[in-house]
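> The structure that follows is given in the form of structure tokens.
No lab work stands behind these numbers, since they all come straight from the coordinates. Owing to the predicted nature of the structure, the values given are computational and were not obtained by experimental measurement.
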Amino acid sequence: MSVFEIIENALSIDLNTILAVSFSTAIVAFLIVFVIRWLGNKGLGQLSTIELIIILGLGEAVGQSMLNPSQTSIPQGFTVVIIAIAIFKIYDYLGSRYSKLSKVIVPDPILLVKDGKIIDESMDKARISRKELESYMRLSGTDDISTIKSSHLEINGQVSFVKKEY
């Protein structure tokens, strides 16, 4: 097969496939909007690791239904989405209902700064460099580490700062 045949095959237009992909994409897009509204008001920055993995899995399932309608039907895609959402909801419920399970599933915040002093072991554990911490400090409105009472890497991946009271 020559290069020109490969290019011609890659750029060929099959109207039935384009219509099937368009139809699948429209239906799945409506499903995604419904799912996002149903999941609640958590922003991406508030998702835990497992929740983010479930969302990424949903993206893969949805993508297959949209781009390969001949291989993955819309009902198959819906089934995957419904099962993933059920897992998400069960995970959310169990995490909020049982504190022992929550401690296993949800990581504790990591103390990065205490009384103006950077805790190097915690910085290594969190995999945050001093430059990153300084960037987070500037974004929070401070540039002097000695003014920080405490700083944590929170469970949602954000860095929080509590300033000293004078």
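> Report the gain in length on full extension from Ala29 to Tyr93: 0.36 nm times residue separation, minus Cα-Cα distance, nm rounded to one decimal.
On the way: separation 64, 0.36 × 64 = 23.04 nm, distance 2.65 nm.
Length gained, Ala29 through Tyr93: 20.4 nm.
> Straight-line reach from Lys89: which aspartates and glutamates have Cα under 13 Å away, leaving out those fewer than 8 places along the same chain?
Straight-line reach from Lys89, under 13 Å: Glu51.
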